[in-house]
Amino acid sequence: METSRRSFIKAGGAATVATGAACPAMVADDVESVIAATRFIDIHAHCTEFPMPPVYIKTARPLCIAEDLVAHYDRIGVEKGVILSLCNPENFIGGMTTEQILRTCAQAPDRFIPSVGIDPRALGNNAFGDFERVFKYYRDKGCRVCGEVCANLHFLDPIMQNYFKGCEAAGLPLTFHLAADEDWLYGLVDEKGLPELEICLQRFPRLRFFGHSQSFWCEIGRYRTWDERAGYPTGPVEEGRLAQLMRKYPNLYGDLSAGSGNNSLARDLDYAGRFLTEFQDRIMFGLDICAPDRYVSPLADTLKTLLRTGRITASVYRKVARENQLRELALA
Ligand SMILES: [Zn+2]
């Protein structure tokens, strides 16, 4: 299938490629020059200021330090990335506070973009903390995103409602990790089909929600089992909740980082092409490199394949690779 699409594109004689989305045919050389000229912006990065001890895997360091991350970026073709905090006790032992993120980013401002990370239970573990003031303070210091929120709380928990309100008032987008369940995982909690998230999308229309994780990307299609929700479902995609919610709510965005984001596209490249084309202004490239010795997402290659096979246009490729991130982070 790919080979025949590719030779069709190479021939360059027809006006459109049969992908469902009418995209002008590009000759292979043009496709390769788009790829060569487009450096990625990573919407979801982690690193630490100093090397951390192994935590999840006995023998492996959990995260890059800044210079290791830059080496990965140079290899993959990433211009710069958003350093997200790991400020929730559910999934890390500490090590990258907002102050450390600001310090790390200041040392390489052409490669790193700072975020603000505050645990939602800070400021008294109640629903009245003045997060607006804190978020505005860090926004004015240059932070462009709030996150990654990994607290294992329901979206409708009053603590989270207060947190969203403060983030919306500061005008920062919010990156969240969605958990498959509560009590023994990390990430915000919602039921299948994301009814709590939908209420938040209505209640905070100016808050841009950047969704990520297995349980978020699982909703790209229909599914039946808990294992699918907690893992990496395979096979063709029959439209799921994500497309429905994104059509209805312009403040929902997709962060393609980690194995889950890549898997949601790679499992069905034809659907991926249609999904990226429909939501081309709200889907963003990301890597989430957090076990570099073990796994680095092949998302860059998946997007290149989608472009080379005519499933997405050069314009969609550029938006997902970098332009959406630059616009949403107010960097362009
Ligand atoms: Zn995450």
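A few notes on this one:
Residue-by-condition table, conditions (1) assigned to a helix (DSSP H, G or I); (2) closer than 23 Å to VAL145 by Cα:
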{"site": "GLN244", "(1), (2)": "yes, no"}
{"site": "GLN280", "(1), (2)": "no, yes"}
{"site": "ASP288", "(1), (2)": "no, yes"}
{"site": "LEU307", "(1), (2)": "yes, no"}
{"site": "ILE312", "(1), (2)": "no, no"}
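- Selection from the stretch 291-306 of residues that are within 27 Å of MET96 (Cβ to Cβ) and either of a type in the set (S, T, N, Q) or surrounded by fewer than 22 Cβ atoms within 10 Å (Cβ to Cβ) (or both): ALA291, PRO292, ASP293, ARG294, TYR295, VAL296, SER297, PRO298, ALA300
- Qualifying residue in the stretch 72-80 (condition: touching a strand residue (DSSP E or B) at 6+ places or on another chain (Cβ under 9 Å), touching a residue at least 40 places away in the same chain (Cβ under 8 Å) and within 16 Å of the ligand (Cβ to nearest atom)): no
- Selection status of PHE155, within 16 Å of the ligand (Cβ to nearest atom), aromatic (Phe, Trp, Tyr), closer than 24 Å to PHE128 by Cβ and in contact with a Cys (Cβ under 8 Å, 6 or more places away or on another chain): yes
- Residue count for the stretch 132-146, restricted to those that are in contact with a Gly (Cβ under 8 Å, 6 or more places away or on another chain) and buried (at least 24 other Cβ atoms within 10 Å of the Cβ): 1.
- When the stretch 55-71 is filtered for residues that are in a loop (DSSP other than H, G, I, E, B) and either on the phi > 0 side of the Ramachandran plot or small (Gly, Ala, Ser) (or both), only ALA60 remains.
- Listed by first and then second residue, the pairs with beta-carbon distance under 7 Å, at least 6 apart or on different chains, first residue in the stretch 195-222 and touching a residue at least 60 places away in the same chain (Cβ under 8 Å) and part of a loop (DSSP other than H, G, I, E, B), second away from the ligand (no atom under 14 Å from the Cβ) and acidic (Asp, Glu), are ARG208/GLU328.
- Lone unmet requirement of (1) under 19 Å from the mean Cα position of the chain (by Cα); (2) outside any helix (DSSP H, G or I); (3) more than 16 Å from the ligand (Cβ to nearest atom); (4) of a type outside the set (S, T, N, Q) for CYS167: (2)
- Candidates TYR295, TYR271 - the one that is within 18 Å of GLU239 (Cα to Cα) and of a type in the set (Ser, Thr, Tyr): TYR271
- Residue ID - nearest to the ligand (Cβ to nearest atom), chosen from residues in the stretch 131-150 that are in contact (Cβ under 8 Å) with a residue 40 or more places away in the chain and not in a loop (DSSP other than H, G, I, E, B): GLU148
Every number here is computed from the coordinates shown, using simple stated rules; none is lab data. Source: prediction; values computed, not measured. Here Cβ is always computed from backbone atoms with ideal geometry, including for glycine, and neighbour counts include all displayed protein chains.
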